[in-house]
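Quick notes on the structure that follows.
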Amino acid sequence: MKKILIILSMLIIPAVYADTAPYYVESVPNNAMGVYQTDKELTLYEAADKNSEIIKTIEFSYKKETMPEGSFALLINEKQLGFLYVTDIDEDGWVEILYDRKNNLKGWTQTADRMQFLPWMNFYNMYGRKYGIRILKDAPENTYTLHAKNEDLSQSLSKLNHVQKIKLTKISGNWALVSAMDLDKTPKTGWLKWRDSDGTIYVFPNIK
């Protein structure tokens, strides 16, 4: 009887949405240009103009039970660190935000400073180099191959198998210079293709 009550209580209690991070390739939109770091409040406009209609105002408490589901590219509530995908930019610091990934809903906001919008290169150089990167779960098999140069036809050096952490040294175009230690304690260094030419992203900063 006690077990039945526990199961029923688990079904009745509303879901609490935890931290968010992309784990699959399709989680990152191809047309995303980078990410926008959230503050306590976000006001979204129909156009890149403060005289245009306000679409939505969102308040962020960074408490798991009140944060909007399906909005964030990456969210760590404990650090009050949240990023939304940016799909377009305009003059004077205006960026188009994807605030509802499921329904593809977007709105414009004006950044408070130059660090609030991070193009992919800046984002990876800042957070990828600090925390390392991880390969998304359904990335193509060739993503695990390290090359001698940042070119598709360059020599294959080795393959990543069961690495716990991939250290990012440098980003050059669609390639990342990385080093890693496999389970067999073999150090591996080379160029990994972090993004395809069509904008499809295969790896993401392993922010914790």
Next item on the list: State, as an integer percentage, the relative contact order of the stretch 106-164 based on alpha-carbon contacts under 8 Å between residues 6 or more apart.
Entry: 18
Notebook entry, point to check: Can you run phi through the Karplus equation (6.51, -1.76, 1.60; θ = phi - 60°) for the stretch 191-208 and list ³J(HN,Hα) in whole Hz, with x for Gly and Pro?
Noted result: 8, 10, 7, 8, 8, 7, 5, 8, x, 5, 9, 10, 9, 8, x, 8, 5, 10
Item checked: Label-point separation in nm, residue 78 to residue 61, each point 7 Å along Cα→Cβ -> 2.0
Checklist line | Percentage relative contact order, the stretch 55-115, counting C-alpha pairs under 8 Å, at least six apart | finding: 23
Margin query: Testing the spin-label approximation: label points 7 Å from Cα along Cα→Cβ at residue 185 and residue 122. State their distance in nm.
Written below: 4.3
Next item on the list: Please build a GNM for the chain, connecting alpha carbons under 10 Å apart, and tell me which residue among 161, 31, 174 fluctuates the most.
Entry: 161
Note to self: I want the antiparallel fraction of DSSP beta bridges within the chain, as a percent rounded to 5.
What the structure shows: 100
Next item on the list: Apply the Kirkwood formula to the stretch 19-74: the hydrodynamic radius equals the inverse of the mean of 1/r over all pairs of different alpha-carbon atoms; give it in Å with one decimal.
Entry: 13.3
Next item on the list: Compare 146, 183 by solvent-accessible area with a 1.4 Å probe and give them largest first, with all protein chains kept in place.
Entry: 183, 146
Margin query: Could you work out how much longer the chain between residue 138 and residue 40 gets when fully extended? Use 0.36 nm per residue separation minus the Cα distance between them, nm to one decimal.
Written below: 31.9 nm
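Let me check against my output: what whole-number percent is the relative contact order of the chain, with C-alpha pairs under 8 Å and at least 6 apart?
Once normalised by length, the contact order is 19 percent.
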Margin query: Need one word for the stretch 67-189: rounded, prolate or oblate. Basis is the Cα gyration tensor (sqrt eigenvalues a ≥ b ≥ c); a/c below 1.5 gives rounded, then a/b vs b/c decides.
Written below: prolate
Check: R0 = 45 Å: FRET efficiency of residue 51 with residue 170, Cβ-based, nearest 0.05?
Finding: 0.55
Check: Once Cα extents along the principal axes in Å is worked out from the coordinates, which option in [x] 63, 53, 26; [y] 84, 30, 28; [z] 51, 35, 32 does it equal?
Finding: [x]
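The values are calculated or read from the model by the stated rules, or taken from the named source; none is laboratory data. This structure is a prediction, so every number in the text was calculated from the model and none was measured. Positions of Cβ are generated from backbone atoms using ideal geometry, with glycine treated the same way; all protein chains shown enter the neighbour counts. Calculation scope for accessible area: heavy atoms of the full protein, side chains included, ligands and nucleic acids excluded. Shrake-Rupley method; radii C 1.70, N 1.55, O 1.52, S 1.80 Å.
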